[in-house]
Amino acid sequence: TKLWEFRQIVVRLFSMLHALSLAELEDDDDEDEDRWAFRLRVIDGVGIDVDSLKALKKAECKVELVFHWIQSIVVTSIDCGIMSAPSPILTRAYSELASGMVKFHDCLKIARIAVPFPYSQATLMLLVIHWLLTPFMMTLGTESPTICCVFTFVTVFILWVLHSISIELENPFGADANDLDVHDMQHDMNNRLLLLLDPISAKMPTLSGNQVMEHDILLDMERNREMPAFDTMWRNLAGEVEQGGDLKRGRRSSTQLRRGSFVAKKSSSQISLNTYMGKVSVLSFRGPRRSRG
């Protein structure tokens, strides 16, 4: 369908846009075709027609070109009826796209605008002068040669380390060891985009038939801490979904959870799903409570 084709091409273009943005922010020491960020993987780049890929390769402003393609596809989808959302929602979508480009140009200022040359040279000269004068100044305040050497080394070393760190952090985008991990950023972006192409993302959630509709019952169960947690539901579904299925593909592994900041201590009042379902059956059979009066 047209909607599915729209998703396919938009996902590919956004993956390209993210990789090209990282390439544009990279250091300017390398030639345009030798940038390390151009080795980042994009989602099925060969799925785009050859003429568009040739135009993208020859373009000087690659990020702006892909951004223009996305905007044009969105406008075309509105005319075709693919995006039939109300105008305020579409306006919000355009606003988010424009906000992303503004933030990209803000990052571009950090990457392109270097520290003024006179400032950097003056800083280097002052460090050298400090390096030469410090031993003589230390001899005036200390009598021990050992203490003089130690204080001189520590003082000079601290200032030169701070200077080296400032040079390393001047542009955090690149392939150096202390730069941002752009490969992991691109990989994370691709995973989020591929979620939009997963058929399970197009399925709308529905009630299972075992739901509790009464507000009083739900309130009592929440106060008594009898609601099931996610890990309880995951363990119950693990027996129904085979290994490598959609459920386990869509959630983090236990190792990733331990590394992240989303790990919560298991509550002592947590109950199993079978106990919860039994509680639901009993309370549903009783029906909602009547107000006293």
Requested in this report: Could you tell me which of rounded, prolate or oblate describes the range 1-82, using a ≥ b ≥ c as the square roots of the eigenvalues of the alpha-carbon gyration tensor, with rounded for a/c under 1.5 and, failing that, prolate when a/b is larger than b/c and oblate otherwise?
Outcome: prolate
Report task. Return the distance in nm (one decimal) between the two label points of a simple spin-label model at Ala238 and Glu214, each offset 7 Å from Cα along Cα→Cβ. Result -> 3.4
Report task. Mind checking the full-extension length gain between Ser166 and Leu207? Use 0.36 nm per residue of separation minus the Cα-Cα distance, one decimal, nm. Result -> 9.2 nm
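Sort 204-214, 70-80 by packing, meaning the average of other beta carbons within 10 Å per residue, with the highest value first. Don't skip to the end; give the middle numbers.
Values: 204-214: 8.3, 70-80: 13.6.
By packing density, highest mean first, the sequence is 70-80, 204-214.
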Query raised in the report: Ordered by packing density, taken as the mean number of other Cβ atoms within 10 Å over each peptide's residues, highest first, how do 132-145, 223-236 rank?
Result: 223-236, 132-145
Query raised in the report: Any idea what Rg and Dmax come out to for the range 82-151 if you just take the C-alpha atoms, in Å?
Result: 27.8, 84
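Normalized C-alpha radius of gyration of the range 169-210, against 2.2 N^0.38 Å?
It is 2.01.
Only the coordinates and a few stated rules stand behind these numbers; no lab work does. The model shown is predicted, which means the values in this text are computed figures rather than measured ones. Ideal geometry is used to build each Cβ from the backbone, glycine not excepted, and the neighbour counts take in all protein chains shown.
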